[in-house]
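The values are calculated or read from the model by the stated rules, or taken from the named source; none is laboratory data. Everything quoted here is computed from the prediction, not taken from an experiment. Cβ sites come from the backbone with ideal geometry, for glycine too, and all protein chains shown count toward neighbours.
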Amino acid sequence: MDKLKEKHEIVLEYLAGGTSTRILGVKYGYAHVTIARWIMAYKKHSKKHPLAFSKKVLNQEELTTVEELQEALRLSRIKVELLEAMIDISDEQFGTDIRKKAGPSQS
């Protein structure tokens, strides 16, 4: 597995919940502090450019096998879930409705 893809998968696995940086460190062979730094960098970068990180990972090489396409789909689904959760949290904290369509109201 490509290092960047592995890093992205580790970050998404952490963000999906149910595990800690220590457990991921043991599982993938990295220090938990390193994984925590990746997570902080991802969160910081995703605020400025939410789609850039995934595009960089997915566009590095052409996806040719079914397994690669399935993995890309899995990562995309996780990302959509995380983004929807972020919208829900934002709506709750700020009392907004981001999903509401803008434009003139119909009568």
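Screening the candidates Val11, Val26, Val57 for the property of being hydrophobic (A, V, I, L, M, F, W, C) and modelled with pLDDT of 90 or more yields one hit, Val26.
Evaluating Leu69 against the criteria (1) touching a Leu at 6+ places or on another chain (Cβ under 8 Å); (2) modelled with pLDDT under 90; (3) part of a helix (DSSP H, G or I); (4) within 16 Å of Glu6 (Cβ to Cβ) leaves one unmet condition, (4). Within the stretch 28-44, residues that are surrounded by 15 or more Cβ atoms within 10 Å (Cβ to Cβ) have Cβ atoms under 6 Å from residues that are basic (Lys, Arg) and assigned to a helix (DSSP H, G or I) in these pairs: Trp38/Lys7, counting only partners at least 6 apart in sequence or on another chain.
Pairs meeting the criteria (first residue in the stretch 10-24 and without any contact (Cβ under 8 Å) to a residue 60 or more places away in the chain and part of a helix (DSSP H, G or I), second residue surrounded by 13 or more Cβ atoms within 10 Å (Cβ to Cβ) and of a type in the set (Asp, Glu), beta carbons under 8 Å, at least 6 apart or on different chains) are Leu24/Glu13.
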